[in-house]
Amino acid sequence: GDSVTQMEGPVTLSEEAFLTINCTYTATGYPSLFWYVQYPGEGLQLLLKATKADDKGSNKGFEATYRKETTSFHLEKGSVQVSDSAVYFCALMNSGGYQKVTFGTGTKLQVIP
Amino acid sequence: GAVVSQHPSWVICKSGTSVKIECRSLDFQATTMFWYRQFPKQSLMLMATSNEGSKATYEQGVEKDKFLINHASLTLSTLTVTSAHPEDSSFYICSAIIPIGNEQFFGPGTRLTVL
């Protein structure tokens, strides 16, 4: 079945540091890939997405590129801020299914001033 | 983007009581909604898929008699936790599919605490 593996956290960075959160997936067909962010006490918000190979999703300075050859969708940001502190979930939606989303376990990011 | 709301945002109840959580799509019609459960420091676990006008499809291991789902209209799905117990305490999140764009929009979640 479909699965998503992302790096375990927590990840602690200083403000303005470079961020990478690794995500790899296993899926049949051609899934869409997503990064969601969850701030403390809140629900999930879509951060960015990519629907086909080599697509780059970007939003709020975050980027991720759909790499089919390595089945990866790593999240990056050049300069993190304290306000980026949250839990980040990598996810996929398989085009062949009935739109179920499979989530990774989440990576907590803490940015310190 | 599309907006999904949940009510209540948090609820505390006594063991043995039932709790209803509402999920509404505010500016679009959702033929399909999903209910997730999230334990502390863990990922979301899909509980069931709710289709308007038909019975919900439950994931393996989820008790359908305990977690009653009703998708009465194209903008409303409800999850009722029956005879709640402390182990049912969790963060419950719903989502709705918007057909164009093949994207799920998530509600803000409901934190249930059973004493």
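Some observations on this one:
- Shielding of peptide A:45-56 by partners, expressed as the average count of other chain Cβ atoms within 10 Å per residue Cβ, is 1.
- Sites matching trypsin sites (Lys or Arg not before Pro) across the range B:18-115 that sit in DSSP coil, with at most 12 neighbouring C-beta atoms within 10 Å: B:LYS41, B:LYS55
- With every protein chain in place, the protein assembly as shown: carbon and sulfur % of accessible area (1.4 Å): 52
- Reachable aspartates and glutamates, given that their alpha-carbon falls under 17 Å from the alpha-carbon of A:LYS56 and they are not under 8 places away in the same chain: A:GLU69, A:GLU76, B:GLU103
- Check: chain B dipole with +1 on Lys, Arg Cβ and -1 on Asp, Glu Cβ, in debye: 240
- In this entry, the protein assembly as shown is assigned a mean projected area of 12.3 nm², taken as a quarter of its C-alpha convex hull surface.
- Net charge, A:MET7 excluded, C-beta distance under 13 Å - Lys, Arg +1, Asp, Glu -1: -1
- Probe 1.4 Å, all protein chains present, accessible-area order of B:TRP35, B:TRP10, largest first: B:TRP10, B:TRP35
- Lysine pairs in the range B:14-110 whose alpha-carbon atoms fall under 16 angstrom of each other, counting only those eight or more residues apart or on distinct chains, come to 5.
- Cut-off 12 Å between beta-carbons: net charge of the residues surrounding A:GLY61, Lys and Arg +1, Asp and Glu -1: -2
- For the pair B and A, the buried accessible area comes to roughly 1500 Å² in total, with a 1.4 Å probe and the value rounded to the nearest 100.
- Each of B:THR110, A:THR20, A:THR26 has its accessible area taken with a 1.4 Å probe; listed largest first, they run A:THR26, A:THR20, B:THR110.
- Residue of B:SER25, B:SER54, B:SER83 that the Gaussian network model of chain B assigns the largest fluctuation, springs spanning Cα pairs under 10 Å: B:SER54
- Each residue, A:ARG67 and B:ALA2, gets one label point 7 Å from its Cα in the Cβ direction; the gap between the two is 3.2 nm.
- Here B:GLN29 and A:ALA53 are evaluated by their C-beta separation; at R0 = 41 Å the FRET efficiency comes out at 0.80.
The values are calculated or read from the model by the stated rules, or taken from the named source; none is laboratory data. Keep in mind it's a predicted model, so treat the numbers as computed, not measured. Cβ coordinates were reconstructed from backbone atoms using ideal geometry, including for glycine residues, and neighbour counts include every protein chain displayed. Just so you know, the surface numbers come from the protein's heavy atoms only, side chains and all, with ligands and any DNA or RNA stripped out. Shrake-Rupley method; radii C 1.70, N 1.55, O 1.52, S 1.80 Å.
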